[in-house]
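Throughout, read-outs are computed from the coordinates displayed, never taken from laboratory work. Only a predicted model underlies this, so the values are computations on that prediction, with no experimental measurement involved. Because the Cβ atoms are built from the backbone with ideal geometry, glycine has one as well, and the counts that use them run over all protein chains shown.
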Amino acid sequence: MDSGADAPPRRRRRRRWLGCLPLVLLLVIAAGVGLYLGRSHHLLSLPVIEGCTASTPDGIVDLDVDQMDSAGTITAVAVSRGLPERASTIALATAMQESKLRNLGGGDRDSIGLFQQRPSQGWGSAAQIADPVYATDKFLDRLVAVPGYAQLPLTVAAQDVQHSGYPDAYAQHETDATVLSGALTGRVPAGISCQVNSVGTAPAATGASALSDRLQKEYGSVVTPRVLPASGGSGGSGDAASASAAPVDPVVSVALHAGATTAAQRGWSVAQWSVAHCQDLHLASVQYAGQVWTAADSTQGWRPVASAAASAPAGIAGADPADVLITVAVG
């Protein structure tokens, strides 16, 4: 009698426990998946949020890849002319206000390009102004004609060139422009890094020459690029068998023309310009001064070459240790 009275509660307790079983199993599975992902994250190919960051003692600036590409070009043209960093800062702040660092095809009235210059105001033809190098050169031509421009407040110097209807607007970009110019002129080493999912590939016959042409167009006599054959591509393991089987990506070795006090800074300018142009020019890796940035591990930023040996160009015949080494990914 007593045992019969006790039976129903035991069944109810058993049913309650069985009802919790699916939740317990779900928690066990979730824990197992989390453990696997933690140990095997390197096997996953998860997309990253693409973009570039400039980080210097003056602050941090985040841009998308196209904007950093434009910032790199503006600064390279100023460096090619031997102008002080202040010229780059003024030019960058102006372009940030006028176009948000985008090479716009239109704007107010007949304004176009990075600086929203107008053909009708004597800046050149529409086709000329659409070329970022030409547009930057024309801006700098007028900037250096302003007496004492480097000592003027930024908004005054920019307004003397632009004659904008909003003359005080340039000042709001001075801090960010200072950060960008500090890195892109090379004053701050390894200050520019970009995260990308892919840089694509260039045609094997023209990829390295396109990079060389762009370097000479933007940096002028500051650089001498040379195309070198890589030994086994940008990601080979280094042994002869894998090197012969792997596609060989060309490497452009960039010699710098500067005095002893400015050579390292110009090298970092070219190296960080290259990272800023990684997607535009299909650049798989950039190596300088013992540091390397690689598209394959772009979330890691700049790293010592020794810790990134698997994806850094190595064993390249004819490369000068003082040169910037840029690997072009080719199809």
Requested in this report: Pull out the extension gain between GLN195 and ASP62, defined as 0.36 nm times the separation in residues minus the alpha carbon to alpha carbon distance; nm, one decimal.
Outcome: 46.8 nm
Report task. Order these peptides, 116-128, 74-86, by their mean beta-carbon neighbour count within 10 angstrom, highest first. Result -> 74-86, 116-128
**Report entry** Gained length - ASP297 relative to TYR166, 0.36 nm times residue gap less alpha-carbon distance
**Finding:** 42.9 nm
Query raised in the report: Is region 63-185 rounded, prolate or oblate when judged by the Cα gyration tensor, a ≥ b ≥ c being the square roots of its eigenvalues, rounded requiring a/c under 1.5 and prolate requiring a/b larger than b/c?
Result: rounded
**Report entry** Sequence ranges 271-284, 251-264, ranked by mean other-Cβ count within 10 angstrom, highest first
**Finding:** 271-284, 251-264
Report summary line: Taking ILE29, ILE112, ILE49 and counting other beta carbon atoms within 10 angstrom, the fewest-first order is ILE49, ILE29, ILE112
Query - Under-5 Å amide H pairs with LEU283, H placed in peptide plane, nonlocal only - result: ALA329
